[in-house]
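Structure record follows, encoded as structure tokens.
The values are calculated or read from the model by the stated rules, or taken from the named source; none is laboratory data. Everything numeric here is computed off the predicted structure, so don't read it as measured data. Don't worry about glycine lacking a Cβ; one is built from the backbone with ideal geometry, like all the others, and counts go over all protein chains shown. These accessible areas exclude ligands, DNA and RNA; they are computed on the full protein's heavy atoms, side chains included. Shrake-Rupley method; radii C 1.70, N 1.55, O 1.52, S 1.80 Å.
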Amino acid sequence: MRSSSDHSNHNVFDFFTGKRIDDARRERFIRISPELDGLEILYANDSDKHKLFSLKILCWALRENGEVVGLVPWLNNIVACPEINDPLNGKFEGYYDPGLEEIFHHAPIHKIVELESAAEYYESSADSPDAIVQEIPDTIGTHAVLSKRGSHSLTLSEVVSWRLHFDGSISGMLVDPEQVASTPVLPGDSCLFAADTCDSFRYYFQHQIANKIKSQDPEAIAAISALVDEGS
């Protein structure tokens with residue numbers, strides 16, 4: 001029998017997503033697995049309607065409802081590939097295996113099996129929604145762009161790892177240089193802090209864009225500066 005509280009949640013909708021609260025909870029991430037074979041996401045946007053763009057997939061994630069999706073750092077968050085969205089109407093077009101030159105639309109079966117098996121073996125519970133369930137290293141060269149509000153200066157900080165919390169949220173972890181006790185800095189080190197807890201955090205970028213910024217590429221600097229100004 002469904003309790004009155006369960007019935008109440010079933011009919012309550014999230015104001016921002018339009019989804020039932022109960023459904024949203026079932027979509028939380030409960031297990032993640034790094035992508036180690038170079039698989040990518042393909043997407044299109046309004047900048048060129050005849051061209052597809054690609055990004056390396058960071059990891060695969062199992063939702064509480066059993067769905068497995070690829071995840072990528074996207075703007076100021078980490079998002080499921082089928083749900084990407086941006087000011088230019090970015091739209092998911094599929095997953096891509098550059099080695100086999102194949103496009104597919106569902107998670108690879110070996111990742112599904114891996115995640116389901118791990119979730120069953122490491123079935124987790126926690127007293128706090130912030131409790132850390134997993135921490136995986138960043139394998140795609142993600143950087144965070146930091147910029148204080150009102151400032152035109154940019155700082156790039158490498159993302160060392162990603163932490164999955166019990167509530168399903170995922171945080172990119174950056175190094176606090178003043179807290180480093182030993183090197184190299186590894187996932188789980190006490191000198192790491194979550195990018196989204198930093199007031200100056202603006203966006204995530206993969207290494208190609210980060211390298212352009214580091215080399216003072218004029219187009220990259222102009223584009224990033226525009227984004228930072230919009231977010232200030």
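Candidates E114, E123: the one that is modelled with pLDDT of 95 or more, over 25 Å from S47 (Cβ atoms) and either open to solvent by 60 Å² or more (accessible area, probe 1.4 Å) or assigned to a loop (DSSP other than H, G, I, E, B) (or both) is E114.
Every listed requirement among (1) touching an Asp or Glu at 6+ places or on another chain (Cβ under 7 Å); (2) not in a strand (DSSP E or B) is met by Y43 save one, (2). The conditions of being in contact (Cβ under 8 Å) with a residue 24 or more places away in the chain, open to solvent by 20 Å² or more (accessible area, probe 1.4 Å), closer than 28 Å to D196 by Cα and in a loop (DSSP other than H, G, I, E, B) are not met by G99.
The set of residues from segment 166-183 being open to solvent by less than 30 Å² (accessible area, probe 1.4 Å) and either over 21 Å from L58 (Cα atoms) or not aliphatic (A, V, I, L, M) (or both) comprises G168, S171, G172.
Using the structure shown, decide if N85 is within 30 Å of T197 (Cβ to Cβ), at pLDDT below 95, polar (S, T, N, Q) and in a loop (DSSP other than H, G, I, E, B).
Taking the combined requirement at face value, the residue satisfies it.
Given E158, E219, which one is among the acidic types (D, E), modelled with pLDDT of 85 or more and open to solvent by 50 Å² or more (accessible area, probe 1.4 Å)? Spell out how you get there, then give the answer.
Details: E219 fails: modelled with pLDDT of 85 or more.
Answer to the selection: E158.
The one condition from (1) at pLDDT 95 or above; (2) within 16 Å of the chain's Cα centre (by Cα) that V145 does not meet is (1).
Let me spell it out: the conditions are (1) modelled with pLDDT of 95 or more; (2) open to solvent by less than 40 Å² (accessible area, probe 1.4 Å), and E64 meets all of them except one. Which number is the exception? E64 satisfies every listed condition except (2).
Going through (1) farther than 17 Å from S161 by Cα; (2) part of a loop (DSSP other than H, G, I, E, B); (3) open to solvent by 30 Å² or more (accessible area, probe 1.4 Å); (4) modelled with pLDDT of 85 or more one by one, G38 falls short only on (3).
Of all residues in segment 69-76, none satisfies being surrounded by fewer than 15 Cβ atoms within 10 Å (Cβ to Cβ), out of contact with any Lys or Arg (no Cβ under 7 Å at 6 or more places or on another chain) and more than 19 Å from V145 (Cα to Cα).
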